[in-house]
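J.: Quick one: this structure, given as structure tokens, is what I'll be asking you about.
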Amino acid sequence: MEYIASLLTTIVDQMKLPAMGKLALQPGVRAVYRLTIRYHDRRAHDSVATLIRRGSVGANLEVAFRGRFDNKPLQSLVSQADYEAIVAGFQKVNFDKLGDQPKIKSYGEDLWMWERAAGTFHKGVVLAPQEAEGVYWQLVRLAWTYLPEAVRIVES
């Protein structure tokens, strides 16, 4: 599973985006969530969506597409209600203790990695959305329902 996770973390590194731990330790940052998506067949640009909570209302979403827009993230605001739904969804699936989705192949299917960081805490979970069931499917639905910009497909 480490190989699959490294495929996803390499996307972040290649785009020269800040590491989750570094973001979480910035002054005023309460929590950071990140969704990294790798398209196995290159039908779309891989993407990294980072949700950053500063202050007490709402959050900022930054979505970068590998090879597009000079890897500069597109920014949008996430409402307080949507942010709270994401936090509640992560709590519902017990994300902080969740392991990677079992039986993921390193080829032939899209890969996602959800991450959460706050302070010095950092946790990541790898999943394949097409094969996701149970709590992993709930993580897929969270993105589609509350962060549609994070799963937007920019075709190659």
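J.: Please determine whether any residue of the stretch 113-136 is of a type in the set (Asp, Glu) and in contact with a Leu (Cβ under 9 Å, 6 or more places away or on another chain).
T.: Within the stretch 113-136, the subset of a type in the set (Asp, Glu) is 115, 131, 133.
Of the ones still in play, those that are also in contact with a Leu (Cβ under 9 Å, 6 or more places away or on another chain) are 115.
Yes, some residue in the stretch 113-136 is of a type in the set (Asp, Glu) and in contact with a Leu (Cβ under 9 Å, 6 or more places away or on another chain).
J.: Among residues belonging to the stretch 117-139 that are touching a helix residue (DSSP H, G or I) at 6+ places or on another chain (Cβ under 6 Å) and buried (at least 21 other Cβ atoms within 10 Å of the Cβ), point out the one that is nearest to Val29 (Cα to Cα).
T.: Only one residue fits best here, namely Ala117.
J.: Do we find that Glu149 is at pLDDT below 95 and either within 16 Å of Ile37 (Cβ to Cβ) or part of a strand (DSSP E or B) (or both) in this structure? Outline the logic, then answer.
T.: Numbers: at pLDDT below 95: yes; either within 16 Å of Ile37 (Cβ to Cβ) or part of a strand (DSSP E or B) (or both): yes.
Considered against the rule, which asks whether it is at pLDDT below 95 and either within 16 Å of Ile37 (Cβ to Cβ) or part of a strand (DSSP E or B) (or both), Glu149 comes out as yes.
J.: Still on this structure, I have one more. Would you be able to say whether some residue in the stretch 26-47 is surrounded by 13 or more Cβ atoms within 10 Å (Cβ to Cβ), of a type in the set (Lys, Arg), out of contact with any Asp or Glu (no Cβ under 6 Å at 6 or more places or on another chain) and free of Cβ contacts under 8 Å to residues at least 60 places away in the same chain?
T.: no
J.: May I ask you to list pairs of residues, at least six apart or on different chains, whose Cβ atoms are under 9 Å apart, with the first in the stretch 7-18 being in contact (Cβ under 8 Å) with a residue 12 or more places away in the chain and within 18 Å of Val125 (Cα to Cα) and the second being crowded, with 16+ Cβ neighbours inside 10 Å and of a type in the set (Lys, Arg)?
T.: Listed by first residue and then by second, the contacts come to Leu7/Arg38; Leu8/Arg38; Ile11/Arg38; Ile11/Arg66; Val12/Arg34.
J.: Of everything in the stretch 96-121, what is charged (D, E, K, R), part of a strand (DSSP E or B) and more than 15 Å from the chain's Cα centre (by Cα)? Give them in sequence order.
T.: Taking the stretch 96-121 and keeping what is charged (D, E, K, R), we get 96-97, 100, 103, 105, 109-110, 115-116.
When the remaining residues are screened for being part of a strand (DSSP E or B), the result is 115-116.
If the condition is that a residue be charged (D, E, K, R), part of a strand (DSSP E or B) and more than 15 Å from the chain's Cα centre (by Cα), then no residue fits.
J.: Filter the stretch 72-82 for residues that are of a type outside the set (Gly, Ala, Ser) and either under 18 Å from Val140 (Cβ atoms) or loosely packed, with under 14 Cβ neighbours inside 10 Å (or both) and give the result. It would help to see each step written out before you state the result.
T.: Step one: of the stretch 72-82, the residues of a type outside the set (Gly, Ala, Ser) are 72-75, 77-78, 80, 82.
If the condition is that a residue be of a type outside the set (Gly, Ala, Ser) and either under 18 Å from Val140 (Cβ atoms) or loosely packed, with under 14 Cβ neighbours inside 10 Å (or both), then Lys72, Gln75, Leu77, Val78, Gln80, Asp82 are the ones that fit.
J.: Could you list, in sequence order, the residues of the stretch 48-86 that are touching a strand residue (DSSP E or B) at 6+ places or on another chain (Cβ under 9 Å), on the phi < 0 side of the Ramachandran plot and part of a helix (DSSP H, G or I)?
T.: Gln80, Asp82, Tyr83, Ile86
The values are calculated or read from the model by the stated rules, or taken from the named source; none is laboratory data. The structure presented is a predicted model; accordingly, all values stated were derived computationally and were not measured. Virtual Cβ from ideal backbone geometry, glycine too; neighbours counted across all protein chains shown.
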